[in-house]
Amino acid sequence: MTNYTTEIKPLSRKEKRAAIRKRHREKNKEKIAAYQKEYREKNKEKASAYQKEYYEKNKGKLAANQKEHKENRAAYRKEYREKNREKVLASKKQYREENKEKISASKKKYQRHQRKTISDQYIKGLLCRASKLRFSDIPGSLIELKRAQMQIKRHLIGLKT
């Protein structure tokens, strides 16, 4: 039978202070949070000025970091959706059932905006509805011609009233 003896090293002064600080933070979590909140509210201008200054000094670094994290988030989301396909579909279905009115109102608002701006999607929808064409069959030049026609028609209707 082997006898294992482990040598216990005493903590360094730095490690002891870190442990004491950690215990203090854990014990006084609410007080510290309240103090920090109060400090932030009292020093909004100072914090805002510091943030602006930091941003100006580090624009390139921040932009690169943001781009990297954006790509990572997109990859993570895609991977999550692939791994949890059923869960994601169930969640979407539940949301649709619980928010029918909200979704309907959002769709109507989107459609009104599409009509008002005479978007490519709106024009393609009109052309497909009137024929057997598919969205992919409609060239950009036809969309531009139809948009011009609709703008003229709307202008004439506006002149009549």
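The values are calculated or read from the model by the stated rules, or taken from the named source; none is laboratory data. Keep in mind the model is a prediction, meaning the values are calculated, not measured. Here Cβ is always computed from backbone atoms with ideal geometry, including for glycine, and neighbour counts include all displayed protein chains.
Quick notes
- Hey, K52 loosely packed, with under 11 Cβ neighbours inside 10 Å, among the basic types (K, R), free of Cβ contacts under 8 Å to residues at least 24 places away in the same chain and over 30 Å from K37 (Cα atoms) or not: no
- Residue check, K31 at pLDDT 95 or above and assigned to a helix (DSSP H, G or I): yes
- Against the numbered list (1) assigned to a helix (DSSP H, G or I); (2) at pLDDT below 95; (3) among the hydroxyl-bearing types (S, T, Y), Y80 comes up short only at (2).
- Some residue of the stretch 91-113 being assigned to a helix (DSSP H, G or I), over 28 Å from the mean Cα position of the chain (by Cα), among the β-branched types (V, I, T) and surrounded by 11 or more Cβ atoms within 10 Å (Cβ to Cβ): no
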